[in-house]
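The values are calculated or read from the model by the stated rules, or taken from the named source; none is laboratory data. Note that the coordinates shown come from a computational prediction; the quantities given were computed from them, not determined experimentally. Ideal geometry is used to build each Cβ from the backbone, glycine not excepted, and the neighbour counts take in all protein chains shown. With ligands, DNA and RNA removed, areas are computed over all heavy atoms of the protein, side chains included. Shrake-Rupley method; radii C 1.70, N 1.55, O 1.52, S 1.80 Å.
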Amino acid sequence: ETGVTQSPTHLIKTRGQQVTLRCSSQSGHNTVSWYQQALGQGPQFIFQYYREEENGRGNFPPRFSGLQFPNYSSELNVNALELDDSALYLCASSPAPGLQRVDTQYFGPGTRLTVL
Amino acid sequence: DAKTTQPTSMDCAEGRAANLPCNHSTISGNEYVYWYRQIHSQGPQYIIHGLKNNETNEMASLIITEDRKSSTLILPHATLRDTAVYYCIVRGNTPLVFGKGTRLSVIA
């Protein structure tokens, strides 16, 4: 187990609705990254938060937004849901890069979002 | 796009070593080779990473060629629970870019 938790496990929404997904990072980790994994595909990077600020973003529209809190937990918000937003949403936490200058990311179990 | 090439699928007999290859001919000097695996519908699990030296931990060994253009992940004694999609990722301090990975099936 990585110590990264996500909630809820599953949820179902309809087109046009808004959704908030939550992630608690591993103790001691100050960076959270979010990924979207469509069925049959590898995860795709959405964005990363470091010390409560967005620190990089993938090719996702502005209706995907996020927050990181002082305790380093994080939220992913998606507005105006579309059918193609149906996917497994993964968060990964990591410590600061340190001497290696790369961070090792540890993933949570994911939230399965279905948009009808 | 992913910077790595992996076979689509592989089979391995239970108890035998599983050797998963990865080509990364365009790797840069400051980029690491990372391996993750994903068991069906779960979050990816970190396995191991390395820069240029071979690495070993409790899960696996990573063998990187001297020119760093390819590597092999070795699971020394595969079990049925090792059945998963294995992703080889080359990265610096950048987001993980997942390709399609190798689907490893461990057969009893």
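Side notes on the structure shown:
- Residues that are open to solvent by less than 10 Å² (accessible area, probe 1.4 Å) and either out of contact with any Gly (no Cβ under 9 Å at 6 or more places or on another chain) or not in a strand (DSSP E or B) (or both) within the stretch A:76-86 comprise A:Val78, A:Leu81, A:Asp85, listed in sequence order.
- Selection status of B:Glu14, touching a helix residue (DSSP H, G or I) at 6+ places or on another chain (Cβ under 9 Å), in contact (Cβ under 8 Å) with a residue 24 or more places away in the chain and not hydrophobic (A, V, I, L, M, F, W, C): yes
- Checked against the criterion of being of a type in the set (Ser, Thr, Tyr), touching a Ser or Thr at 6+ places or on another chain (Cβ under 7 Å), within 14 Å of another protein chain (Cβ to nearest Cβ) and not in a loop (DSSP other than H, G, I, E, B), the candidates A:Tyr35, A:Tyr49 yield just one match: A:Tyr49.
- Looking only at residues in the stretch B:53-88 that are outside any loop (DSSP other than H, G, I, E, B) and polar (S, T, N, Q), the one that is most open to solvent (accessible area, probe 1.4 Å) is B:Thr56.
- Flag if A:Gly56 is farther than 16 Å from B:Gln38 by Cα and either touching a helix residue (DSSP H, G or I) at 6+ places or on another chain (Cβ under 9 Å) or part of a loop (DSSP other than H, G, I, E, B) (or both): no
- Subset tally (residues that are open to solvent by 20 Å² or more (accessible area, probe 1.4 Å) and not basic (Lys, Arg)) for the stretch B:4-37: 22
- Members of the stretch A:5-31 that are open to solvent by less than 50 Å² (accessible area, probe 1.4 Å) and at pLDDT below 95: A:Ser25, A:His29, A:Asn30, A:Thr31
- Considering residues of the stretch A:52-75 that are more than 14 Å from chain B (Cβ to nearest Cβ) and among the hydrophobic types (A, V, I, L, M, F, W, C) only, the residue least open to solvent (accessible area, probe 1.4 Å): A:Phe64
- Test: residue in the stretch A:99-108 that is more than 14 Å from A:Pro8 (Cα to Cα), modelled with pLDDT of 95 or more, of a type in the set (Lys, Arg) and surrounded by fewer than 19 Cβ atoms within 10 Å (Cβ to Cβ): no
- All strands (runs of 3 or more DSSP E) inside the stretch B:1-52 with 2 or more residues being within 20 Å of A:Gly3 (Cβ to Cβ) and either out of contact with any Phe, Trp or Tyr (no Cβ under 9 Å at 6 or more places or on another chain) or aromatic (Phe, Trp, Tyr) (or both): B:32-38
- The set of residues from the stretch A:1-32 being β-branched (Val, Ile, Thr) and away from every other protein chain (no Cβ under 13 Å) comprises A:Ile12, A:Thr14, A:Val19, A:Thr20.
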